[in-house]
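Notes follow once the structure below has been shown.
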Amino acid sequence: MPKTTPNTGTRRTMTAAARAAAKRAERGHRAPAPETSVAVAGRTVLIEAPKNGWEDPPEPSLGSFEEDAPAKDEVEIHPRGRRLLTLVLGVLLLAALVATAVLGWHYRDGSRTASARTQALTAAQKAAPVVLSYDYRHLDKDFASARTYLTGGFHAEYGKTTKAVVGPTAKKYRAVVKATIAAPATGTPAASVVSASPDKVVVLLFINQVTESTQVSGARVDLNRVRMTMTRTDGGWKVSGVDAL
């Protein structure tokens, strides 16, 4: 049987077909790489992905943000802001101290005034009968006792008045004057505080004065209102003024 020699064109066709089949077989063992399309100047261009696929960029970690951002306790304050904050805090502290001092002073002043009212009223009720009474038979003793309840300018004024006027008149007419604080049916002395401060209190008293002398027949009773000013001294509350109303 005679040999048939294939022509050259046929061999090329077979060789190309074999090469294409080999490439298809190779691609069958690998997953086709995804393609990415990019729009360029109104047309879409397909870009073949790399052999090992696209690599995703690393995800940022929480630590990187914490390192970059300053901690809450480490936030720096501008020097000017720090000075302003110090000034504001100083002003607030000063205001608080002043308010505390004022409140404390008012409380202390109110407490002292309340105490002064009670003490001065008691002292006035004790002093009034002594200061407004006398007996011609022992004037020096009576006037000396009265002066122990007096203070300031009134002490000197009382001494001059009793020596120049009251004493001679009492001796001449044999006068005896006895003063007591009026007491209503309740038995409470008729005395009250008109005004008060920690060191000065004005007291109003209703005084009954019984006078006996050669100028009157029997005993004469005078109902008087007396305003007595009391002043705090080192020796207690003293009378610094007496006004008959």
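Data table
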read-out: Extension reserve of the S145-L204 stretch, reckoned as 0.36 nm per residue once the Cα distance is removed; value: 19.1 nm
read-out: Total lysine pairs whose alpha carbons fall under 24 Å of each other in region 92-245 (8 or more apart, or interchain); value: 22
read-out: Gain upon complete extension [V221, A96; 0.36 nm per residue less C-alpha separation]; value: 38.9 nm
read-out: Under the Karplus curve 6.51 cos²θ - 1.76 cosθ + 1.60, θ = phi - 60°, whole-Hz ³J(HN,Hα) for region 173-185, x wherever Gly or Pro sits; value: 9, 6, 8, 10, 10, 10, 10, 9, 7, 4, 10, x, 4
read-out: Positive minus negative residues near A196 (Lys, Arg vs Asp, Glu; Cβ under 14 Å); value: +3
read-out: Rounded to whole Hz, the Karplus (6.51, -1.76, 1.60) HN-Hα couplings of region 208-218, x for glycine and proline; value: 9, 10, 9, 10, 10, 6, 6, 8, 10, 8, x
read-out: Three-way shape label, region 147-242, alpha-carbon gyration tensor, a/c 1.5; value: oblate
read-out: Local electrostatic count at D140 - Lys and Arg +1, Asp and Glu -1, tallied over other residues with Cβ under 13 Å; value: +3
read-out: Neighbourhood charge, 12 Å Cβ-Cβ cut-off, centred on A127 and excluding it, Lys, Arg +1 and Asp, Glu -1; value: +3
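Throughout, read-outs are computed from the coordinates displayed, never taken from laboratory work. As the structure is a prediction and not an experimental result, all values here were calculated from the model. Cβ atoms come from the backbone with ideal geometry, glycine included; neighbour counts cover every protein chain shown.
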